[in-house]
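Here the structure is laid out as structure tokens; the discussion comes afterwards.
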Amino acid sequence: MNCKKVSRLLSIYQDRELTSALERQVEFHLRDCHACRSEWDGLQELVGSLKCLPPPASDPYFPTKVMAGLQDNRARKFRLLPAIAYALIFLTMFLSGFFLQLSYNNTMGAEKPKAATFTAVLLENQDLGLLAVHDNTLALFER
Amino acid sequence: MSDDEIVTAVLAGRRQDFEILVRRYSGKIIHFITRMTQDRDEAQSISQEVFLKIFQNLPYYRKENNFSAFIFKIAKNMTLNWLNREKRTVLFSRLLGREFNKAPFRQEPPRVSPQDQKERESEISRNLLLLAEEQRLALILKVYLEFSYKQIREITGWSIPKIETLISRAKSRLKKNILLQERSREVVYTARKK
């Protein structure tokens with residue numbers, strides 16, 4: 001294995017992700033090659049200094065805060081329920097008012113033309129006539 | 001009690017059992033987010049949101065998958081979203097000509113020699129922030145969380161060769177930056193002595 005290949009594999013070797021066969025080859029090369037050995041030492045020093053960063057101090061109340069957050073989240077949902085109910089009631093009232101008004105207008109408005117449309121038909125050889133009012137009401141009348 | 005058993009219990013209505021998962025994973029999640037953002041306060045609040053999101057997404061967790069990968073995937077997505085929002089805020093502030101005073105994104109490298117551990121730590125943190133986001137993510141998952149490449153693949157969805165390349169480049173870039181900073185400090189130190 002040459003230096004170029006070893007240099008490419010050093011980081012993976014450091015992460016212990018090489019196959020054991022490749023690992024042995026890298027180790028063998030590092031034993032003999034001064035340049036690669038110094039590159040390896042540099043990498044080790046770097047990761048060592050990265051690891052010197054301590055993990056952040058743990059907050060003992062963190063789990064309690066998370067669980068309280070879960071409750072808040074749930075409570076927030078329930079807090080919305082009355083608002084949704086009020087909105088639905090208002091919408092229902094508004095729509096029913098609107099439709100009542102619409103049907104009232106239709107009823108009132110329909111009477112006007114109906115008053116003007118009636119037909120009277122005299123039945124043949126009879127003293128009776130047939131009166132159709134609003135096209136849907138039939139009545140008999142005497143001549 | 002295994003993770004899967006706890007998930008089953010929570011989904012069956014025992015919400016309080018979720019606290020066991022929070023206790024089990026909060027350290028790692030906060031550590032991961034702190035390293036990604038380099039902002040401890042924000043990391044705490046993002047972590048809380050992450051756990052709320054995990055709770056909401058529990059019904060979508062498939063037991064054949066790794067639970068750790070499932071939660072880190074959520075943590076990764078939320079952290080990247082936060083970082084993108086921060087970037088946009090910085091950009092808008094610059095466009096508006098305002099000085100943006102959020103610490104992690106504008107700290108200059110120190111001009112004095114690091115004398116104690118804290119300075120050394122903040123120098124490493126700054127250098128981590130200088131890495132491209134994907135490189136930083138891969139490196140943090142490997143070095144600090146000690147995930148295997150396969151686990152990183154589960155969390156990120158990247159291929160193994162991509163993960164290898166990202167980590168390798170991240171290390172080279174860090175090495176180069178740290179070396180450059182050390183040299184510049186030496187130059188300043190020598191000039192001051194003269």
Name the residue farthest towards the positive end of the dipole of chain B from the options B:84, B:31, B:44, assuming +1 on Cβ of Lys and Arg, -1 on Cβ of Asp and Glu, about the Cα centre. B:84
Under the Karplus curve 6.51 cos²θ - 1.76 cosθ + 1.60, θ = phi - 60°, whole-Hz ³J(HN,Hα) for region B:173-182, x wherever Gly or Pro sits: 5, 4, 4, 5, 4, 5, 4, 4, 5, 5
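Expressed in nm², what is the orientationally averaged projection area of the convex hull enclosing the Cα positions of region B:1-105?
Result: a mean projected hull area of 7.2 nm².
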How far, in degrees from 0 to 90, does helix B:117-130 lean away from the longest principal axis of the Cα atoms of chain B, to the nearest 10? 80
Picking from A:26, A:54, A:100, whose Cα lies most toward the positive end of the charge dipole for region A:5-103 (charges on Cβ: Lys, Arg +1; Asp, Glu -1)? A:100
Put a dot 7 Å past each Cα toward the Cβ at residue B:180 and residue A:71; how far apart are the dots in nm? 5.2
Near the amide H of residue B:131, under 5 Å away, which other amide H atoms are found, from residues 5 or more places off or on another chain, if H is placed in the peptide plane? none
Alpha carbon Rg of chain B, scaled by the compact-globule rule 2.2 N^0.38 Å: 1.21
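Quick note: the coordinates plus some simple rules give every number you see, no bench work behind them. Note that the structure is predicted; figures quoted are calculated from it, not measured. Cβ sites come from the backbone with ideal geometry, for glycine too, and all protein chains shown count toward neighbours.
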